[in-house]
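Report on one structure; see the data block that follows.
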Amino acid sequence: MTTDPYAWLDKSLTTIHRADWYRSVQTIQGLPGAIVRLEGQPVINFASNDYLGLAGDQRAIAAAVAAAKEFGTGSTGSRLLSGHRELHRQLEEAIASLKQTEDALVFSSGYLANLGAIASLVGKRDLILSDRYNHSSLKNGAILSGATVIEYAHCNVEDLEDLLHQHRQQYRRCLIITDSVFSMDGDLCPLPALLDLAEKFSSMVLVDEAHATGVLGANGAGCVEHFHCTGLPLIQIGTLSKALASLGGYVAGSSTLIDFLRNRAPSWIYTTGLTPADTAAALAAINIVKQEPQRRTQLWGNVNYLKHLFAEYLPHLKLLPSQSPIICFQVDNPQAALKIAYQLKASGIFVPAIRPPTVPTSRIRISVMAIHEPAHIDKLVQTLTEIV
Ligand code: PMP
């Protein structure tokens, strides 16, 4: 008797379809920017994490091309085994300088940086306290570590303190993990209060600055800088794939932390180093972040303009509290979210519908960029007034 051992895949996909959880990818053409072609049709792009508009910047492109020509397309192996380029260290030094930390370590993605850091810092005898709305990479890093994981209510400092009172003493080490900007909501973690509690309960703090780097803080260093927590003992994670216009992730912190991770983090040790092109593009983007603060001014101007128009023309919209360029409004169910995204697309606007199981409640997620023009934002709001 032979049964097809893969038959369950079809059944599983059917279940996904029935639950309305099926997702498919749309193809975009052309350079990243405020206007892209989505399956052939020009659309205003509110679906990108390229907050400063650098992914299509000619300087970042030229740096990537030059690095590929000089150093080749691949890094040929893990950095410990095959060696790395000066470019890799230059990028790490540039990240450490932006973040004002002693050192930094570049991973192949932000996801891998979270998996590697969390699973190396704690283990079976330890406790992780994790914000309920944390990104998947933090949650899966926590699971991978083997530590006891307890979620605290979203941004709820009292709940976290109660949990620390109840559980901290039973464990060797404790790690508090949180997004800094919550990627599907747009709000900020209460970082100063988290750091106070960490000090009181002798715990470590790991903060994921994926959506904050280049965006928040006087120099674009992120939420840590925004809250004046620069230099305090904490572990910062980030990605090179959003405002930094490339691909890859990083951990920034003390030189002891970075040295430890170089020797312990499997998702750094056993994977190939970043490509020269990605490394050079991120390095170019960090230089632009430093040299062109006006991009951040432009970005926040656009965020405030959109919020102002929403307050004026769509006051009934169920906006989620946001202190970032991620602006979401809730809708009643997944079908309603999909319908709005579809109608926006038909009007030449690209905005994603975010649905369970990614988030607890369906929403439309608008991502504002520095390179949006007022007319783009006007068109978004005008179209929404017609369809919502
Ligand atoms: N953390 C957060 C909060 C994110 O939103 C993301 C990406 N969506 C990541 C980590 C993963 O980063 P990367 O895309 O570089 O893997």
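Read the figures in this text as sums done on the coordinates, not as results from a lab. None of the values given here were measured: they were computed from a predicted structure. Here the Cβ is made from the backbone with ideal geometry for all residues, glycine too, and neighbour counts use every protein chain on show.
Worth pointing out:
- Distance between modelled label sites at His167 and Ile269, nm, 7 Å Cα→Cβ extension: 2.8 nm
- Net +/- balance of residues flanking Thr239 in space, Cβ distance below 11 Å, scoring K and R +1, D and E -1: -1
- Shape call, region 108-205: gyration tensor on alpha carbons, a/c limit 1.5: oblate
- Above-threshold pairs, the threshold being 23 Å between Cα atoms, out of Lys69/Lys99; Lys139/Lys307; Lys139/Lys339; Lys139/Lys290; Lys307/Lys379: Lys69/Lys99; Lys139/Lys307; Lys139/Lys339; Lys139/Lys290
- Backbone N atoms of region 146-176 closer than 17 Å to the 7 Å Cα→Cβ label point of Gln330 belong to residues 153-156.
- Helical contribution to [θ] at 222 nm, DSSP H n ≥ 4, -39,500 (n - 2.57), averaged over the chain, rounded to 500: -13000 deg cm²/dmol
- Cα gyration tensor, the chain - rounded (a/c under 1.5), prolate or oblate: rounded
- Magnitude of the charge dipole for the chain, about its Cα centre and with charges confined to Cβ atoms of Lys, Arg (+1) and Asp, Glu (-1), is about 620 debye.
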